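Report on one structure; see the data block that follows.
Taken together, the values in this text are just the output of simple stated rules run on the coordinates, not laboratory data. Just so we're clear, the structure is a prediction, and the values are computed from it rather than from any experiment. Neighbour counts are summed over all protein chains in view; Cβ atoms, including those assigned to glycine, are modelled from backbone coordinates with ideal geometry.
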Amino acid sequence: MDGGYPAGGTDTAGASGPPARYDRPAMKIFPTQIETYLNCPRKYQYSRDPDLRRKYMKSSPHLVLGNAVHDALQAFFDLATTPLGERTYEKLCALLRDAWAGRGAFRRNAWKQKQAREEAFGEDREAEKAWGQKGLNILYRFFQTQDTSVVPLTAEQFHEMRLTEHVTLGGKIDRIDRLEDGRLVVIDYKTGKPPSERDRARIADEDLQLAAYALLVTRKFRGEVARCSYLYLNDELEVGYAPDERILARTEERLNEVCGRILSATESETFEPTPNPLCGWCDFLPICEAGSAYQREREAGSGEQVDLPF
Ligand code: SF4
């Protein structure tokens, strides 16, 4: 899960070739932003603009839940916050509540959390209670089904690598574990719905985010990634694969190719909209003519297609 680029220096582990030239702007990018570009270049452009982000990207119950669960799990696996002997379900619940409220170990987030909760729930305490309960249930299942004695190599940490002369690839990776034989395991928590059977089968071939994380970890830690997985917390379902050399090489090639396109688009300021079924959930729909027109057509069409059983 990527949250925003951290301040600080660039880890150039895995860098190759001469130092960056200054005739092209350097770019730092997350796998999730690359996915956004592939889905719709215009959405990518909007989402890189801090003013538009502030104005249009609002929190939601899903976001509050997802962030609090991620934060709670990070603190749970952080020995400085939760010593091994204190890893109980009650502790995990307390961490979720603290993360939700922006207090305790998460007090640095107090203002951000207050705003996120207001945007997501307004005055609706019952809705907030239901979503909070959902978070507790997710953690209950996690506690029941996962190995909670593991000491991750890193949890919810930023990692980055130089992808090309002009591009640094970064990502906040939920968890990296080291197996006894020294190989690494990359885990990305998901609080949403799992993919269909068909989409699961295509993850190793088509999903760029997980493959990018595997590449990043392989290069940064100079180690073999035994497995990279999405862990769907709500369904206790793990979907992943072993990223072999072929997959890593192809991922690097794909990332290079897409980042080259993004750099060219940035230079020419050409980000065409590509209206698609996700427009209805796009934060920028109110300012996107193409997306709005597509949405209107879709809604008009759907009225004709509804097959009522009465
Ligand atoms: S509304 Fe649709 S077309 Fe417009 S930016 Fe969003 S995803 Fe792209």
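Structural remarks
- Fraction of C-alpha pairs exceeding 22 angstrom in the range 58-145: 22 percent, rounded to a whole number.
- Here is what passes the span test in the chain: the DSSP H helices with alpha carbon length of 15 Å or more along the helix axis and a Kyte-Doolittle mean of 0.5 or above are 61-77, 208-221.
- Considering only Cα atoms, the convex hull volume of the chain works out to 174 Å³ per residue.
- Fraction of the pair-distance distribution of the range 151-310 above 19 Å, Cα-Cα pairs, percent: 66 percent
- Residue-by-residue Karplus 3J(HN,Hα) for the range 154-161, coefficients 6.51, -1.76, 1.60, Hz, glycine and proline x: 8, 9, 6, 10, 7, 9, 8, 8
- For L139, L278, L38, order by how many other beta-carbon atoms lie within 10 Å, fewest first: L278, L38, L139
- Helix-only mean residue ellipticity at 222 nm for the chain, each DSSP H run of n ≥ 4 adding -39500 (n - 2.57), per residue, nearest 500: -15500 deg cm²/dmol
- Packing-based exposure ordering (other Cβ within 10 Å, fewest first) of S292, S196: S196, S292
- Remark: relative contact order (the range 212-310) = 16 percent; criterion is Cα-Cα distance under 8 angstrom and separation of 6 or more residues.
- Neighbour-count ranking [beta-carbon atoms within 10 angstrom, fewest first] of L153, L231: L153, L231
- Partner lysines for K172 [C-alpha distance under 19 Å; skip if fewer than 8 residues away on the same chain]: K28, K112, K190, K220
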